[in-house]
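What follows is a set of notes on a single structure, which appears directly below.
Since every read-out is calculated from the coordinates, none of them should be taken as a lab result. Source: prediction; values computed, not measured. All Cβ positions, even for glycine, are placed from backbone atoms using ideal geometry, and neighbour counts span all protein chains on display.
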Amino acid sequence: MDTSPTDLPPEKIRLDALERGQCAIIRDVEDETELDRLKSMGVCKGRYIELVKHGDPLIIKVFASRIGLSARLARRVWVEPCATVERCWLRIGPPLSPGLPSPASQPPA
Amino acid sequence: MIETIQNKEIKENAGPFRIAFIGNPNCGKTTLFNQLTGLRARTANFAGTTVEHKVGSLGNSARNIQLIDLPGMYSLTAATPEEMVASEILRGIHPKIAQPDAVVVVVDASNLERNLFLVSQVLETDLPCIIALNMVDLARDDGMYVDPEKLHLEMGCPVIPMIARKGEGIDELRTEMLALAEPDALNFHWSRPEPVKCDACASCPYQSRFSYTEEVTARVVKNHGLAKPAVTEKLDRVFTHPFLGVVSFFAVMAAIFFLIFRAASIPMDLIDGAFASVGDFLTAHMPEGHLRSLLVDGIIGGVGGILIFVPQIAILFFALALLDETGYLSRAAFVMDKLMRHIGLPGNAFVPLVSAHACAIPAIMATRVISDRRDRLVTILVLPLMTCSARIPVYAMISALLFPHDAVKAALLFTGAYGLGIVAALIMAFVFKKTILPGESKPLIMELPVYKVPSIRSGMRYALDRTLVFIRQAGTTIFVISVILWFLATFPTSQAPEKALALAQQAETMAAAGQSDQAEALAYQAATMTQQHALSHSFAGQLGHIIEPVVKPLGFDWQIGIGIVSSFAAREVIVSTLAIVYGVGEKAVEDNTESLYDSLRRATRKDGTPIFTTATSVSLLIFYVLAMQCLPTQVITKRETGSWKWALFQLGYMSILAYSSALVAYQGLRALGVS
């Protein structure tokens, strides 16, 4: 997984330009009704996203779901690749809020 | 508050307590709905739309509680007609359907961030609400535990953790719903979260709401770090592979077709046998006359002829339901998407196109997965061009006429006929997308849900439900048309020809003399002759004569004309009609098809030339590949498109296509010297 830290300043690239398995934060989704459905599925500004598979259509992961997406639409989503693996929620789950006990100590009921 | 109570009383007096079910696609909402309503649910369209929903009652309660299954949706910001209707009903602004009294939001616990988006929107409608926290087992597999108590405090409404597929949590949810429907349920206190403030709505109205859902999720989810390896990712490496994915798709469809043609033959034979015995019983016990003829030939023959396809329809629905539940169907659409774009249709049009090779009816009903209306219409319009199983008897007849003893050529003819249907459908789809229904097809946005083991029970329930919709919708029309076609073929009655009378008399004499075998043969010959005579002189026969000039350029005579008239509602009827008009007798179709084919081959025009020449046979084959000739399909097209306009258009374009193609083939072959 090639997501080694980088010193380069953050830059916006198109979603389909991500490497396979690379994680990114969505910076902008073009404002068109065609993209509304995608936004309501979580592909909208501020969310984390992973490119699972290249091609047309390609596969992305947002929250816990995998979405098949035409490359034409993917090109209208602008993302900023995550600098480190740790920054991506998709990998480690949502950050724990301060009040919660540590993860492994509380098995499910 | 007082006002609310009064409203509530008015609603109570007005009818049942209505609870709407809403949730993201693939959250298990329909499974849960079926668990709660069982067989009490029925499928209906929302008034004035083609948007379908299920309505059922919650059993075992004093109060009449009605459950409404709304279409799956990601947000109340409507993008499709389905979402539009659901959203309007929930917000109480639908012109015809009243706002429900309460809502159950079904939530996929393994994908809380996204599911809570819809929950927060529903809460803002101020309807009483219960959260069904479904699929907690999947969440656990992902290494997550959602705390229902914390979620309850965050959302201010009851939260029921459950695994609907396994029936866990169903009783708790039922109890909660009953409590909600109690007249004093308003004591139930809601501490709703503040409506989500939107700071940056101009650029992305979704942003702040998703930030909110992520925050809530972070507060209610405990990661226990026991994530199982993702089976879904491994399977998807094969099923979404550009090459392996397509190969496995065809393997899956081939298996389904094997199932349809193999497994369906048993119940089909049973249905056929049952109708035949009822017919025989009536023939034996009723006095001869029009009433008996109407019952046996008209109604039992006509209705039975369509109902025989019900097993195939049901099995296809069953298989599609299982495939859908596993999560595979969306992968099939995914891999076929790129290929389908070339003709202007989305990937999810492909499964209906393949299914239509068994029967166009379930295929048309399966086009609901296509979200764009134009894409869906185009798919519905071209589906009946695919070779359905009712065409097989016709193909078999023509291949026997052309290549009586050559299995290889007969196989090639079948392949050619199937290929012609497919090519015609693809070309017509392309043409429609360029002309009457223009516009680029909607680009693919499709969730690829986690693979699940399907439930046989819910698959069967779905198949039963869909099949009943078909029988209810098409039943009446088929009945009426059966009676009309019987009338056309029976009236005006004519005297039996003298030759037949003479034969019948001869048969009686022989029977009296003890030569029963010969007598029977003669009697059969006489009956066949009478039948042929009666049909030729009936309205149907006259219609055959009337349309003869029209079908003559295709190489058809008036007898084939009768066949075309009679197979208007069901194409396979032409085989038995031709058996009658060419004087073979109806029995021959069942007992000895060879004798039918032989007689057809020997049939001649008045000048002594054979009727079924190569050119005529090819022309007839092409006509039957491309013509509509299936009334039940038309009824379903009307139902799914919402108007007879499209059903009639379908009939019109297919008739023109069939006629002109048969014309070109016949005249072309003749010009090439093939007669």
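Could you list B:F243, B:F403, B:F318 so that the one with the fewest beta carbons within 10 Å of its beta carbon is first and the one with the most is last?
Ordered from fewest to most neighbouring Cβ atoms within 10 Å, B:F243, B:F403, B:F318 come out as B:F243, B:F403, B:F318.
On full extension of the chain, what length is gained from B:A512 through B:L412, given 0.36 nm per residue of separation minus the C-alpha to C-alpha distance?
Values: separation 100, 0.36 × 100 = 36.00 nm, distance 5.20 nm.
So the chain would gain 30.8 nm between B:A512 and B:L412.
Would you mind ranking B:T30, B:T493, B:T633 by Cβ crowding within 10 Å, fewest neighbours first?
Ordered from fewest to most neighbouring Cβ atoms within 10 Å, B:T30, B:T493, B:T633 come out as B:T493, B:T30, B:T633.
Averaged across B:463-473, how many Cβ atoms of other chains sit within 10 Å of each residue's Cβ atom?
That average works out to 0.
What is the mean number of Cβ atoms from other protein chains located within 10 Å of the Cβ atom of each residue in peptide A:48-59, rounded to a whole number?
4
Sort the following peptides by mean Cβ neighbour count (other Cβ atoms within 10 Å, averaged over residues), highest first: A:51-59, B:598-606. Write out the running numbers ahead of the final one.
Values: A:51-59: 19.8, B:598-606: 14.0.
Ranking the peptides A:51-59, B:598-606 by packing returns A:51-59, B:598-606.
Gain in length, B:R237 to B:D598, computed as 0.36 nm per residue apart minus the alpha-carbon separation, to one decimal in nm?
Result for the pair: 124.5 nm of gain on full extension.
Given labels modelled 7 Å from the Cα in the Cβ direction, how far is it in nm from B:V483 to B:V453?
Calculated label separation equals 5.1 nm.
What nm value, rounded to one decimal, do you get for the distance between B:E288 and B:K552 when each label is placed 7 Å out toward the C-beta?
Spacing of the two 7 Å Cα→Cβ label points: 3.7 nm.
Provide the FRET efficiency to the nearest 0.05 for the A:R72-B:L244 pair, computing r from the beta carbons and using R0 = 35 Å.
Step by step, r from the Cβ atoms, then E = 0.90.
What fraction of the DSSP beta bridges in chain B is antiparallel, stated in percent and rounded to the nearest 5?
40 percent
Using a 10 Å cut-off around each Cβ, can you sort B:D517, B:D406, B:D337, B:D465 from fewest to most neighbouring Cβ atoms? Show your work: numbers first, answer last.
On the way: B:D517 9, B:D406 12, B:D337 23, B:D465 17.
So the ranking, lowest neighbour count to highest, is B:D517, B:D406, B:D465, B:D337.
Which FRET efficiency value, to the nearest 0.05, do you get for B:K96 and B:F430 by plugging their Cβ-Cβ distance into 1/(1 + (r/R0)^6) with R0 = 45 Å?
Using R0 = 45 Å, I get an efficiency of 0.75.
Placing unit charges on C-beta atoms (Lys and Arg positive, Asp and Glu negative, everything else neutral), compute the dipole magnitude of region B:255-401 about its Cα centre in debye, rounded to 20.
The dipole of region B:255-401 has a size of about 640 debye.
Write down the percent of antiparallel bridges among all DSSP beta bridges whose residues are both part of the protein assembly as shown, to the nearest 5. Numbers along the way, then the final one.
Working: 37 of 56 bridges.
Bridges in the protein assembly as shown that DSSP calls antiparallel: roughly 65 percent.
Calculated FRET efficiency, B:Y524 and B:R605, Cβ-Cβ r, R0 25 Å, to nearest 0.05? If you can, show how the numbers build up before the last one.
Numbers: r = 26 Å, r/R0 = 1.03.
Calculated value: 0.45.
Of B:P205, B:N26, B:G555, which is farthest along the charge dipole of the protein assembly as shown in the positive direction, counting Lys and Arg as +1 and Asp and Glu as -1 at C-beta?
B:G555
Across region B:641-646, in residue order, what do the Karplus-derived ³J(HN,Hα) couplings come to in whole Hz, using 6.51 cos²θ - 1.76 cosθ + 1.60 with θ = phi - 60° and x for Gly and Pro?
8, x, 8, 5, 3, 6
Which entries in the list B:K552/B:K606; A:K12/B:K234; A:K39/B:K234; A:K12/A:K45 go over 20 Å, if you measure between the two C-alpha atoms of each?
A:K12/B:K234; A:K39/B:K234
With angles folded into 0 to 90 degrees, how steeply does helix B:310-326 sit against the dominant principal axis of chain B? Use alpha carbons for both and round to 10.
That helix lies at roughly 30 degrees to the long axis.
If you place +1 on the Cβ of every Lys and Arg and -1 on the Cβ of every Asp and Glu, how big does the dipole about the Cα centre of chain B come out, in debye to the nearest 20?
1300 debye
Given labels modelled 7 Å from the Cα in the Cβ direction, how far is it in nm from B:V674 to A:D31?
6.3 nm
To the nearest 20 Debye, how big is the dipole of region B:601-660 about its Cα centre, given +1 on the beta carbon of each Lys and Arg and -1 on that of each Asp and Glu?
Dipole about the Cα centre, nearest 20: 180 debye.
Under the definition of partner shielding as Cβ atoms of other protein chains within 10 Å of a residue Cβ, what is the mean value for peptide B:566-579?
Mean number of neighbouring Cβ atoms from other chains: 0.
Taking the Cα centre of the protein assembly as shown as the origin and placing charges on Cβ (Lys, Arg +1; Asp, Glu -1), which of B:A274, B:V221, B:A647 is farthest toward the positive end of the dipole?
Positive-most Cα among the choices belongs to B:A647.
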